[in-house]
1. Would you point out which residue out of 87, 80 is within 16 Å of ligand 2 (Cβ to nearest atom) and out of contact with any helix residue (DSSP H, G or I) (no Cβ under 7 Å at 6 or more places or on another chain)?
2. Which one is farthest from residue 271 (Cα to Cα), of the residues in segment 141-175 that are outside any helix (DSSP H, G or I) and in contact with a helix residue (DSSP H, G or I) (Cβ under 7 Å, 6 or more places away or on another chain)?
3. When both residues are 6+ apart or on different chains and their Cβ atoms are under 6 Å apart, which pairs have a first residue that lies in segment 86-98 and is within 13 Å of residue 270 (Cα to Cα), and a second that is in a loop (DSSP other than H, G, I, E, B) and near ligand 2 (Cβ under 7 Å from one of its atoms)?
4. Can you list the helices (runs of 4 or more DSSP H) found entirely within segment 64-130 that contain at least 2 residues being farther than 29 Å from residue 197 by Cα, modelled with pLDDT of 95 or more and within 16 Å of ligand 1 (Cβ to nearest atom)?
5. Among 274, 280, which is within 16 Å of ligand 1 (Cβ to nearest atom), in a loop (DSSP other than H, G, I, E, B) and at pLDDT 80 or above?
6. Take residues that are over 17 Å from the mean Cα position of the chain (by Cα) and tell me which of the strands (runs of 3 or more DSSP E) falling wholly in segment 1-54 contain 2 or more.
7. List the number of the failed condition for residue 257; all other conditions in (1) assigned to a loop (DSSP other than H, G, I, E, B); (2) under 30 Å from residue 20 (Cα atoms) hold.
8. Taking the stated definitions as given, is residue 83 in the same structural domain as residue 201 (by TED's automatic domain parsing) and within 30 Å of residue 275 (Cα to Cα)?
Ligand SMILES: Cc1cc2nc3c(=O)[nH]c(=O)nc-3n(C[C@H](O)[C@H](O)[C@H](O)COP(=O)(O)OP(=O)(O)OC[C@H]3O[C@@H](n4cnc5c(N)ncnc54)[C@H](O)[C@@H]3O)c2cc1C
Ligand SMILES: NC(=O)c1ccc[n+]([C@@H]2O[C@H](COP(=O)([O-])OP(=O)(O)OC[C@H]3O[C@@H](n4cnc5c(N)ncnc54)[C@H](OP(=O)(O)O)[C@@H]3O)[C@@H](O)[C@H]2O)c1
């Protein structure tokens, strides 16, 4: 099979056609941000951006900031901006497991041992490689014993770092370890305990000119739900996909009442579109079928890297 790849030079718009027997797509998974379709998002008068699209001139000092999502991106952003912002409202849909990172600088003694004791550094690297592959492998297999240990370590980390019982319950993971990407952070929970931070667990159901309206799931009216459902019809763009807001996924503790949180900046920490099989550009086979259509919901490749497509 001979593929034709047509590329367009960004500045000059010049088109070039390339012929190839094999195409290697290395465009990654995390290249299209995902933003939930919350009614009113276009009305917001402050600045808003996705974690993957951080503006170079962003200055959060003294600002009232909201961040939606508590995945690894948001969880790394939160401790770094918490000390400089005036207030930080964090909207959490479901609490992730967070385990200690135990990050530390190697001491002069360790560096001396690695440098002067033969094979010490080599065996240390072997140990890291072995533990990362063997322990991590088992950690994602419930019943292996390691999953249960991870869950216990996560729970202990929460007990050790969060003294407020209400906040602790909001942060207590409800699922099993490994169902979603766990966090390995020492500064995430402490940042959430700071007085300028608030963890909001009710769904954000509307964005206004000045901020975000959230409401406990049990108090949602039919009108609220319909408004959110209608918002799913919004358009897609190349860089960002607007995804429907699934209210049923909000199971965590309630904040008590409807509230409007005024903010100057809104940060979307809501992840990426990763289940949209195909590539970020259209690849069309001999019979006119795109790669996305060929795969459908079931993405098969040989050893995860190669594909013969006769369509
Ligand atoms: C915030 C963040 C932090 C992460 N931290 C870690 C970490 O600490 N450790 C870890 O192991 N993993 C981490 N990951 C995951 C890791 O980044 C990815 O697994 C890894 O980068 C995947 O490599 P890749 O080469 O497949 O894709 P990418 O690194 O995403 O590279 C894809 C490339 O394709 C280009 N591209 C995309 N579309 C087009 C197009 N249409 N035309 C031409 N070029 C295109 C992009 O510009 C990019 O250069 C992190 C991910 C994120 C988002
Ligand atoms: N240092 C690192 O290793 C590192 C750092 C950052 C990122 N990463 C990688 O990058 C990947 C992406 O991380 P990410 O944090 O950007 O995305 P993510 O893991 O997909 O997390 C997205 C967050 O947004 C929430 N969310 C998504 N859709 C929502 C909606 N409609 N309404 C409300 N909340 C919604 C999710 O809630 P739910 O939890 O309820 O789904 C989750 O908290 C990770 O899997 C990781 O591999 C790695």
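The values are calculated or read from the model by the stated rules, or taken from the named source; none is laboratory data. Being a predicted model, the structure only gives us computed values, none of them experimental. Using ideal geometry, Cβ is built from the backbone for each residue, glycine included, and neighbour counts are taken over all protein chains shown.
1. Details: 87 fails: within 16 Å of ligand 2 (Cβ to nearest atom).
Of 87, 80, the one residue that is within 16 Å of ligand 2 (Cβ to nearest atom) and out of contact with any helix residue (DSSP H, G or I) (no Cβ under 7 Å at 6 or more places or on another chain) is 80.
2. Here is the first cut: in segment 141-175, the residues outside any helix (DSSP H, G or I) are 141-145, 162-164, 172-175.
Next, only the ones that are in contact with a helix residue (DSSP H, G or I) (Cβ under 7 Å, 6 or more places away or on another chain) stay: 141, 144, 162, 172-173.
Values: 141: 24, 144: 29, 162: 26, 172: 21, 173: 19 Å.
Applying the filter and picking the extreme gives 144.
3. That search, which allows pairs on different chains as well, returns 92/70.
4. Numbers: elements: 72-81, 108-116, 120-130.
Hits in segment 64-130: none.
5. Values: 280 fails: at pLDDT 80 or above.
Matching residue, one of 274, 280: 274.
6. In segment 1-54, the matching strands (runs of 3 or more DSSP E) lie at 3-8, 15-20.
7. Of the numbered conditions (1) assigned to a loop (DSSP other than H, G, I, E, B); (2) under 30 Å from residue 20 (Cα atoms), the odd one out for residue 257 is (2).
8. Working: in the same structural domain as residue 201 (by TED's automatic domain parsing): yes; within 30 Å of residue 275 (Cα to Cα): no.
No; evaluated as a whole, the condition is false for this residue.
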